[in-house]
Amino acid sequence: MQLSDSTVPGNYQQPIRNFTGRIVSNYVEEVDFVPNSNMRIWYNNKAEDYPTHRHSCLEIAIPLSGPYTYVFEDRTIVLKEKEILFIPPDMLHKISGTRDGIRFIYLFKIDFLKSFFDYSDFEELIKEPLIVNTETYPEVYNRVYARFMEMSNLYFFYTSSIKETPIFSHLLGIIAMLQKRETSDSMAVPVNDKQREIYIKLRSLLEWLALHYAESVTMEEAANYIGYSKFHFARIFKEYTGMTFYDYQTTLKLRSVVEKLSDTDLSISDIALSSGFNNLTSLSRNFEKHYGCSPSQYRQRMRRLKRS
């Protein structure tokens, strides 16, 4: 039965049936998914807050107008218009200080992804709240945002059924785009002999860089390794990996930092130096830009998760 909400424009009424009410016990929310589906998308224009809660699904928030504030245990994130926030499953959070504005809220069951070979890469990516905007993901942000808007169109403009398959297809495409930036497997697939030659050289280089990331290899050294001039190398590297050479190096260093924060008791200063950062300031700046928190906050969260 379709129940309407007079505060929501007609085009954005819930298909199948509307929200029946929040059920929260000991901070755990029982998400009201569309019946017989694995998802729910909300057009949210309500000036109300949501107290501390968690749920087993992946939550994504996109303000269309006005800011939207998420409060986590060790940080507050104020989302600007059209920024995209991924909230990991089972992470405590609340929404605070909401005033006028409109936002889409996406909720997905993603347990089925755990059977995928590379799910661990995505799990690593969203250990912390992940902000996707023009600064954090400049190469793919516009495509990611467009896919979310297409999800909303598919959801709201078919009132007799849920287009779950194409919506999840878009979600998987988004995950692939975000992971592509994070891995050395992001290179364009070769389609001819010339591209194959470049691909093989770059694969060899990326394997070498993975071993020498802490040595701060220069672009000249990397270009010489595969026999290219510096300027030709810079263009080819970005074309095939989607990242600049120095952004790629920073990603490798940050991966090392994350592993050491989670698995060792080394001081953060020692971790910075052993991972190729010249000083704590450089590490902190890059870490916060990438993960949205400080290295010490990240370590504290990982320790709490291990104890739970």
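Some points to look at:
- Pairs, first assigned to a helix (DSSP H, G or I) in the range 8-26, second modelled with pLDDT of 80 or more and surrounded by 12 or more Cβ atoms within 10 Å (Cβ to Cβ), C-beta under 9 Å, six or more apart: N11/Y43; N11/F156; Y12/W42; Y12/Y43; Y12/N45; Y12/S152; Y12/F156
- Output for the range 206-233, where each listed residue is among the hydroxyl-bearing types (S, T, Y) and more than 28 Å from the chain's Cα centre (by Cα): T218, Y225, Y228, S229
- Pairs where the first residue, in the range 38-53, is among the aliphatic types (A, V, I, L, M) and the second is open to solvent by less than 50 Å² (accessible area, probe 1.4 Å) and part of a strand (DSSP E or B), C-beta under 8 Å, 6+ apart: M39/Y106; M39/L107; M39/F108; I41/F104; I41/I105; I41/Y106; I41/L107
- Residues satisfying the stated conditions in the range 207-262, i.e. of a type in the set (F, W, Y) and open to solvent by 50 Å² or more (accessible area, probe 1.4 Å): W208, Y213, Y225, F231, Y246
- Residue check for D265: without any contact (Cβ under 8 Å) to a residue 24 or more places away in the chain, of a type in the set (D, E, K, R), closer than 24 Å to R304 by Cβ and open to solvent by 40 Å² or more (accessible area, probe 1.4 Å): yes
- All positions within the range 277-290 that are open to solvent by less than 30 Å² (accessible area, probe 1.4 Å) and out of contact with any Leu (no Cβ under 8 Å at 6 or more places or on another chain): S282, L283
- Reported count of residues in the range 231-247, each being within 16 Å of L209 (Cα to Cα) and touching a residue at least 40 places away in the same chain (Cβ under 8 Å), is 3.
- Positions within the range 115-170 being aromatic (F, W, Y), over 20 Å from R255 (Cα atoms) and open to solvent by 50 Å² or more (accessible area, probe 1.4 Å), in sequence order: F116, F157, Y158
- Where helices (runs of 4 or more DSSP H) sit wholly within the range 166-242, those with at least 1 residues that are modelled with pLDDT under 85 and in contact with a Ser or Thr (Cβ under 6 Å, 6 or more places away or on another chain) occupy 230-241.
- For I62: the one exception among (1) in contact with a helix residue (DSSP H, G or I) (Cβ under 8 Å, 6 or more places away or on another chain); (2) over 18 Å from V8 (Cα atoms): (2)
The values are calculated or read from the model by the stated rules, or taken from the named source; none is laboratory data. Predicted model only: the values in this text are computed from it and were never measured. No Cβ is skipped: glycine too gets one built from the backbone with ideal geometry, and neighbour counts run over all protein chains shown. Quick note on the areas: whole protein, heavy atoms, side chains included, nothing else; ligands and nucleic acids left out. Shrake-Rupley method; radii C 1.70, N 1.55, O 1.52, S 1.80 Å.
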